[in-house]
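Accompanying notes for the structure given below.
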Amino acid sequence: MSELRITARATGAGPVLEVAGELDFHTAPQLREALHRVAPLPGQHLVIDLSGLTACDSSGITVLLVARNRALEAQAGIALAAIPGHLARVFRIVGLDQVFTIRPSAGKRADGR
């Protein structure tokens, strides 16, 4: 069975979720639950740090898209950060780079937040 580790932290700009391990059919509910606990407020920016992600299937992609929709409904921003190279190609193929802001790291944004 796959393993997923999720760590949440708060920043002045909004929540950051660090996701490591395998994001798949078995572990996607864990991320969905974590996203419910750290829902960004209007004007905040949710960052999902994927630097430790080793695999992601369609269930994982679906959870990321649901997180995007919820953030936008809450009038908040969302970004995927530090996507590992082997997954960045897949994310480009399925078009996630067209619907998400992609950051090279989960650190501060260019505007200092």
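Please treat every number below as a calculation from the coordinates, not as lab data. Remember, predicted model here, so these are calculated numbers, not experimental data. Cβ: placed from backbone, ideal geometry, glycine included. Neighbour counts: every protein chain shown.
Near the amide H of ASP49, within less than 5 Å, lie the amide hydrogens of LEU17, GLU18, VAL19, ALA81, all on another chain or at least 5 residues away, with H placed in the peptide plane. Ordered by the number of other Cβ atoms lying within 10 Å of each residue's own Cβ, fewest first, HIS45, HIS36 fall into the sequence HIS36, HIS45.
P(r) tail, the chain: Cα-Cα pairs separated by more than 18 Å, 43% of all pairs. Scalar couplings 3J(HN,Hα) for region 28-40, obtained by applying the Karplus form with A = 6.51, B = -1.76, C = 1.60 to θ = phi - 60°, are 3, x, 5, 5, 4, 5, 4, 5, 5, 6, 10, 3, x Hz; x denotes Gly and Pro. Of all DSSP beta bridges confined to the chain, the antiparallel ones make up roughly 35%.
Spin-label pair HIS36-SER58: with each label point 7 Å from Cα along the Cα-Cβ axis, the two points sit 2.4 nm from one another.
The angle between the Cα long axis of helix 58-73 and the longest principal axis of the Cα atoms of the chain comes to about 10 degrees, rounded to the nearest 10.
Taking the chain as a Gaussian network, where each spring joins two C-alpha atoms under 10 Å apart, which residue of ARG103, ARG68, ARG92 fluctuates the most? In the Gaussian network model the winner is ARG92. For region 89-96, putting each phi into the Karplus relation 6.51 cos²θ - 1.76 cosθ + 1.60 with θ = phi - 60° gives couplings of 4, 4, 4, 5, 4, 8, x, 5 Hz, in residue order, rounded to whole numbers and with x for Gly and Pro. In this structure the amide hydrogen of GLY77, modeled in the peptide plane, comes within under 5 Å of the amide hydrogens of GLY43, GLN44, HIS45, LEU46, none closer than 5 places in sequence on its chain.
About its Cα centre, the dipole of region 4-103 is roughly 160 debye, where the only charges are +1 on Lys and Arg Cβ and -1 on Asp and Glu Cβ.
Relative contact order of the chain: 25 percent, from C-alpha pairs under 8 Å at least 6 residues apart in sequence. With both residues required to sit in region 1-60, DSSP beta bridges show an antiparallel share near 55%. Size check on region 68-108: the Cα extents along the three principal axes, sorted descending, read 31, 25, 11 Å.
If you take every residue apart from ARG9 with its C-beta less than 10 Å away from the C-beta of ARG9, what net charge results, scoring Lys and Arg +1 and Asp and Glu -1? Its environment carries a net charge of -2. Charge tally around GLN30: other residues with Cβ under 15 Å, Lys/Arg +1 each, Asp/Glu -1 each, net -3.
Label separation (GLN98 vs PHE25): 2.7 nm, computed from points 7 Å beyond Cα along the C-beta direction. If you take all other residues with their beta carbon under 10 Å from the beta carbon of ALA55, and give Lys and Arg +1 and Asp and Glu -1, the sum is -3. Each residue of region 9-24 was assigned a 3J(HN,Hα) from its phi angle through the Karplus expression (A = 6.51, B = -1.76, C = 1.60, θ = phi - 60°), giving 9, 9, 10, x, 8, x, x, 10, 10, 9, 10, 9, x, 9, 9, 9 Hz with x at Gly and Pro.
Length gained on full extension, ALA10 to ALA74, computed as 0.36 nm times the residue gap minus the Cα-Cα distance: 21.3 nm.
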